[in-house]
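Report on the following structure.
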Amino acid sequence: MAAISQGMSKLGAAVGLGGGRDDDTRAQVDTGGNLQDFMGHPFEKNTQRSGGNLGGKVVRTSGGVTVTSNKDPDRRMRAVTWHGPRQMVVEERPRPLITDPTDAVLRVTSSAVCGSDLHLYLGSAPGMQRGDVVGHEFMGFVEEVGPEVKHVKKGDRVVACFDIACGRCRSCSRGAFSGCDVTNSSKDQEMMYGARTAGLFGYAHVTGSYEGGQADFVRVPFGGAGADVNLLQVPSDIPDNKLLLLSDIMSTAWFATELGAVGPGTSVAIWGAGPGGILAAHSAQVRGARDIVLIDNQQYRLDHAAARIPGLTTINFGKEKVKPALERLFPGGPDVCIEAVGFHYCKSMAHAAMVKTLLETDTADILNELIYCCRKGGTIACIGVYVGLVNGFNIGAFMEKGLTLKAGQTPVQKYWGQLLEMVKSGKLDPTMVITHELPIEDAPRAYKIFNDKTDGCIKVVLKTGTTGSEPPGATATGGQVSGSEPGTAASASATKA
Ligand SMILES: NC(=O)c1ccc[n+]([C@@H]2O[C@H](COP(=O)([O-])OP(=O)(O)OC[C@H]3O[C@@H](n4cnc5c(N)ncnc54)[C@H](O)[C@@H]3O)[C@@H](O)[C@H]2O)c1
Ligand SMILES: [Zn+2]
Ligand SMILES: [Zn+2]
């Protein structure tokens with residue numbers, strides 16, 4: 001217990017520090033090689049700004065000192081910003097500029113609200129600062145590129161991935177893009193995890209302080225460097241909604257089935273019928289799994305999935321106990337158990353109390369249930385996000401049953417090319433989870449209905465409505481997506497209420 005409290009206070013201290021954000025008020029002072037912010041503090045040496053003030057806008061020149069900004073104070077955009085738990089605000093912000101030679105700036109056409117955004121929304125994820133621009137699942141058109149961007153050009157239609165990779169470091173070289181060694185300068189994360197993982201768009205400062213894509217424009221660092229690392233060029237004749245989720249949740253769901261090595265004959269149980277869990281069930285089906293079970297207490301989500309995924313079995317944990325229900329379906333337990341829930345959903349009062357009193361940051365409730373239910377020698381694939389420490393983890397059952405636990409942030413860049421081909425051929429249909437399209441101004445409502453699970457919400461797409469953005473028939477008017485009836489998901493993106 002002493003060790004846990006020591007760990008927690010270390011973690012608390014680490015997460016309390018916060019990092020400097022990619023702030024619109026920050027300007028760079030070029031004093032002949034020494035970069036400083038406008039308050040005179042030297043910039044942290046980090047790859048994010050390795051190109052110095054390239055392309056930054058000159059804001060002021062006096063006494064031989066040129067002040068440049070990585071934002072354009074004269075051109076404004078709308079952006080979704082975090083102002084505290086359950087307080088999302090759409091505000092005007094200056095547009096981003098190319099600051100590094102390998103940057104691209106995107107004009108965003110669609111972005112989505114992810115289950116990971118809910119951790120920020122609820123104030124559960126550490127390291128947020130008031131005014132942070134959020135959003136890590138987005139696509140659009142390339143507006144501008146830096147001089148070292150080789151593979152994408154102005155006007156290209158692209159999907160961005162949520163994790164920011166350099167494409168060249170040791171992790172990136174072996175396809176572990178979400179573990180990129182150089183795109184996250186957070187010392188806090190290094191303290192928490194013993195290493196830094198990749199920077200993420202629009203997420204907490206422990207993931208690199210990058211602004212997010214729930215905005216009219218966003219700067220994509222390393223966009224187009226090397227092998228088009230963080231941008232995927234996509235065809236012009238496919239609607240945004242079919243492509244957008246390659247950015248994150250479609251790739252993540254596929255990644256879950258990769259972690260579990262799901263294939264013909266595998267039995268799979270999935271905890272969480274959010275977009276991640278439903279698309280994991282879809283992926284498992286595409287990969288030929290024998291039996292697929294989806295578990296949640298939100299009956300509307302289970303019904304939505306069952307109506308779209310033939311042969312899917314569902315368990316409502318509010319109505320029946322999970323273990324006996326699974327035993328009836330798979331005597332001895334499923335081969336693969338997928339965790340698509342995440343750290344903020346406590347099931348027991350005990351863990352809810354521990355989280356509330358800061359005795360732990362995350363809950364072991366769900367992982368323990370997977371360990372309990374999985375067949376001996378089976379695999380647990382965890383895509384649900386966890387940030388810190390849990391108490392009461394059933395390590396004994398895990399060890400004695402000889403289980404394997406695999407987890408991670410998705411290396412989107414590793415999978416999105418093959419997934420794009422499957423979307424093009426109609427084999428994969430990410431639109432099956434999209435229930436709402438709203439204009440970006442309605443982002444506060446989007447977060448609320450997604451979190452509260454009201455209005456039949458499963459996945460919300462935010463439309464920025466900038467001109468010339470999408471193929472005909474795919475422009476949003478806002479509201480519930482009415483074309484997502486069973487069997488017609490392919491037309492969902494083009495039909496709005
Ligand atoms: N690993 C990655 O790279 C990655 C990428 C995207 C999302 N995620 C994470 O994946 C998770 C799912 O994302 P989402 O968009 O589907 O989120 P979501 O919040 O919509 O879905 C979570 C679902 O879990 C259900 N749930 C809660 N408690 C449960 C329990 N005890 N048993 C079964 N189900 C339970 C909720 O009712 C909800 O439907 C989140 O934790 C998100 O942060 C991870
Ligand atoms: Zn996400
Ligand atoms: Zn890298």
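Derivation of every value follows stated rules applied to the coordinates shown; laboratory data play no part. Not measured: the values here are computed from a predicted model. Cβ coordinates were reconstructed from backbone atoms using ideal geometry, including for glycine residues, and neighbour counts include every protein chain displayed.
Put a dot 7 Å past the Cα of ASP455, heading toward its Cβ, do the same for GLU148, and the two dots end up 4.4 nm apart. Taking label positions 7 Å along the Cα-Cβ direction at both LEU122 and SER425, the computed distance is 3.8 nm, reported to one decimal. Highest average first, the peptides 152-161, 78-87 ordered by how many other beta carbon atoms sit within 10 Å of their residues are 152-161, 78-87. Partner aspartates and glutamates whose Cα lies under 18 Å from the Cα of LYS376, excluding those fewer than 8 positions away in the same chain, are identified as ASP291, GLU327, ASP335, GLU339, GLU400.
Phi-derived couplings, Karplus 6.51 cos²θ - 1.76 cosθ + 1.60 at θ = phi - 60°, listed residue by residue for the stretch 436-449: 9, 10, 9, x, 4, 4, 8, 3, x, 5, 4, 4, 5, 5 Hz, with x used for Gly and Pro. Taking Cβ atoms as reference points and 11 Å as the exclusive limit, the residues near MET250 contribute a net charge of -1, counting Lys and Arg as +1 and Asp and Glu as -1.
If r is the Cβ-Cβ distance from GLN129 to LEU329 and R0 is 41 Å, what FRET efficiency results, to the nearest 0.05? Rounded to the nearest 0.05, the efficiency is 0.35. Taking amide hydrogens as placed 1.01 Å from N in the peptide plane, the amide H of ASN297 sits under 5 Å from those of PHE317, each at least 5 positions away in sequence or on another chain.
Extending 7 Å from Cα along the Cβ direction at TYR372 and again at GLU190 yields two label points whose distance is 4.1 nm. Each residue in LYS356, LYS406 was given a count of other beta-carbon atoms within 10 angstrom of its own, and listing them fewest first yields LYS356, LYS406. Listed by chain and number, the lysines placed with their C-alpha closer than 20 angstrom to that of LYS356 are LYS10, LYS347; residues fewer than eight positions away on the same chain are left out.
Taking amide H positions as modeled 1.01 Å from N, with prolines and chain starts lacking one, the residues under 5 Å from ASP132 and 5 or more places away or on another chain are TRP82. Highest average first, the peptides 206-212, 323-329 ordered by how many other beta carbon atoms sit within 10 Å of their residues are 206-212, 323-329. Bridging of LYS154 to lysines at a Cα separation below 25 Å is possible for LYS57, LYS71, LYS242, LYS414, LYS424, LYS463, once same-chain residues fewer than 8 apart are set aside. The H on the amide N of VAL220, modeled in the peptide plane, is under 5 Å from the matching H of ALA104, VAL105, LEU106, each at least 5 residues off or on a different chain.
Size descriptor for the stretch 193-308, Kirkwood hydrodynamic radius: 16.6 Å (Cα pairs only, one decimal). One chain, two ends: MET349 and ASP237. Fully extended at 0.36 nm per residue, the span grows by 35.3 nm beyond their Cα-Cα distance.
Working value for the stretch 250-371: equivalent-ellipsoid semi-axes of 24, 15, 14 Å, each the square root of 5 times a Cα gyration tensor eigenvalue, largest first.
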